[in-house]
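Shown next, in structure tokens, is the structure this report addresses.
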Amino acid sequence: MTTTLPQITDSHCHLDFPDFDGQLDDIIARAAAAGVTRMVTICTKLKNEPSVRAIAEAHAPVFYAAGTHPMSVVEEPMATLEELITLAQHPKFVGIGETGLDYHYTADSAEVQQQSLRIHIAAARETGLPLIIHSRAADDDMARILAEEMDKGAYTCVMHCFSSSPELARAALDLGFYLSMSGIAAFPKSKDLRDIFNAAPRDRILVETDAPYLAPPPHRGKCNEPAYTALTARIGAEAFGMDYADFAAQTQANFERLFWKAAHAEAAA
């Protein structure tokens, strides 16, 4: 008797990073064997967009998004609204970002980070594609800007690799946004973070790796890869008190609702 694994999506990884050079076929095959049948690879510097796009074009299960990471805004040209809208025309381009605020290492560039974030939000609003947010040590400014921008017009968003405060989680959820669970949530000492996820609506949860970073146990400290999304999802299922197959199905439905363009592309294929 054959058993079909529940299908899930790695909603955020970085397949263009050097860690994966020459290995993408194997990486994608291992993901499929673990039930991870779709992934979104994220471009963090727009100058790298052509190479990230090429990965998505070459591999059917891979979609992509692009933006300027907040830690890179000082050294990179400021993204323009027109530039992001143009990139979004590609059939496998499914999200805007990652963008956001990071005051942990780069608080000195807070003002320009905020400017960049608002441009990316405008692009998400204009295109209807979800905004992909990186937020670290910037909870108050992040909650304020997201709310201010929502007052200018609706947009959708995922708080990628969420590991911030319950207050920011609530602010994001109150705006209708999604929280994404990474390997951090699977760390043994992350009970408080799992409690934040458990308090969120089930229809607002995604799973991701942020590969090659943040591998969940038993691979912690090693190179992460999309196949390990399944390990984090199993911890997520436990946190919600759900059967793994049910949790996987819920996160799939959530992904396809938020990343509607990926779902439509697959349906048309």
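Please work out if residue 206 is crowded, with 17+ Cβ neighbours inside 10 Å, in contact with a His (Cβ under 9 Å, 6 or more places away or on another chain), modelled with pLDDT of 95 or more and outside any helix (DSSP H, G or I).
yes
Are any residues in segment 29-48 crowded, with 19+ Cβ neighbours inside 10 Å and in a helix (DSSP H, G or I), and if so, which ones?
Those that are crowded, with 19+ Cβ neighbours inside 10 Å and in a helix (DSSP H, G or I): 31, 46.
Hey, could you check segment 1-28 for residues that are open to solvent by 70 Å² or more (accessible area, probe 1.4 Å) and acidic (Asp, Glu) and say which is nearest to the chain's Cα centre (by Cα)?
19
Yes or no: residue 265 over 17 Å from the mean Cα position of the chain (by Cα) and modelled with pLDDT under 95?
Working: over 17 Å from the mean Cα position of the chain (by Cα): yes; modelled with pLDDT under 95: yes.
Spelling it out, residue 265 is indeed over 17 Å from the mean Cα position of the chain (by Cα) and modelled with pLDDT under 95.
Taking interchain pairs and intrachain pairs at least six residues apart, which have beta carbon atoms under 6 angstrom, with the first residue in segment 67-78 and over 22 Å from residue 129 (Cα atoms) and in contact (Cβ under 8 Å) with a residue 40 or more places away in the chain and the second polar (S, T, N, Q) and open to solvent by 60 Å² or more (accessible area, probe 1.4 Å)?
Listed pairs, sorted by first residue: none to list.
Checking the conditions here, which among 194, 202 is farther than 29 Å from residue 119 by Cβ, in contact with a strand residue (DSSP E or B) (Cβ under 9 Å, 6 or more places away or on another chain), touching a residue at least 24 places away in the same chain (Cβ under 8 Å) and not small (Gly, Ala, Ser)? Even if it seems obvious, please write down each step before you answer.
Working: 202 fails: in contact with a strand residue (DSSP E or B) (Cβ under 9 Å, 6 or more places away or on another chain).
Being farther than 29 Å from residue 119 by Cβ, in contact with a strand residue (DSSP E or B) (Cβ under 9 Å, 6 or more places away or on another chain), touching a residue at least 24 places away in the same chain (Cβ under 8 Å) and not small (Gly, Ala, Ser) holds for just one of 194, 202, which is 194.
Please verify whether segment 145-157 includes one or more residues that are more than 17 Å from residue 182 (Cβ to Cβ), open to solvent by 30 Å² or more (accessible area, probe 1.4 Å) and modelled with pLDDT under 95.
No, segment 145-157 contains no residue that is more than 17 Å from residue 182 (Cβ to Cβ), open to solvent by 30 Å² or more (accessible area, probe 1.4 Å) and modelled with pLDDT under 95.
Which of the residues spanning segment 231-248 are out of contact with any strand residue (DSSP E or B) (no Cβ under 9 Å at 6 or more places or on another chain), in a helix (DSSP H, G or I) and not charged (D, E, K, R)?
Hits for segment 231-248 are 231, 237, 244, 245.
Each row is one residue, and each column tells you yes or no for (1) surrounded by fewer than 24 Cβ atoms within 10 Å (Cβ to Cβ); (2) of a type in the set (A, V, I, L, M, F, W, C).
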| position | (1), (2) |
| --- | --- |
| 55 | yes, yes |
| 72 | yes, no |
| 78 | yes, yes |
| 82 | yes, no |
| 86 | yes, no |
| 89 | yes, no |
| 98 | no, no |
| 106 | yes, no |
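Okay, residues lined up against (1) under 16 Å from residue 11 (Cα atoms); (2) of a type in the set (Lys, Arg); (3) under 18 Å from the mean Cα position of the chain (by Cα):
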residue	(1), (2), (3)
187	no, no, no
197	no, no, yes
200	no, no, yes
239	no, no, no
244	no, no, no
255	yes, no, yes
260	yes, no, yes
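Please enumerate the residues belonging to segment 113-144 that are without any contact (Cβ under 8 Å) to a residue 60 or more places away in the chain, hydrophobic (A, V, I, L, M, F, W, C) and either open to solvent by 10 Å² or more (accessible area, probe 1.4 Å) or not in a helix (DSSP H, G or I) (or both).
Correct list: 119, 122, 131, 133, 137, 138, 143.
Collect the residues in segment 209-240 that are open to solvent by less than 20 Å² (accessible area, probe 1.4 Å) and on the phi > 0 side of the Ramachandran plot, keeping them in residue-number order.
Matches in segment 209-240: 210 only.
Would you call residue 74 of a type outside the set (Ser, Thr, Tyr) and part of a loop (DSSP other than H, G, I, E, B)?
Numbers: of a type outside the set (Ser, Thr, Tyr): yes; part of a loop (DSSP other than H, G, I, E, B): yes.
The answer is yes for residue 74.
Could you identify the single residue in 57, 49, 82 that is farther than 20 Å from residue 181 by Cα, more than 18 Å from the chain's Cα centre (by Cα) and in contact (Cβ under 8 Å) with a residue 12 or more places away in the chain?
Working: 49 fails: more than 18 Å from the chain's Cα centre (by Cα); 82 fails: in contact (Cβ under 8 Å) with a residue 12 or more places away in the chain.
None of the other options fit; the residue is 57.
The values are calculated or read from the model by the stated rules, or taken from the named source; none is laboratory data. For clarity, every value in this text was computed on a predicted model and none was experimentally measured. Note that we place each Cβ from the backbone using ideal geometry, even for glycine, and neighbour counts take in every protein chain shown. The accessibility values were calculated without ligands, DNA or RNA, using every heavy atom of the protein model including side chains. Shrake-Rupley method; radii C 1.70, N 1.55, O 1.52, S 1.80 Å.
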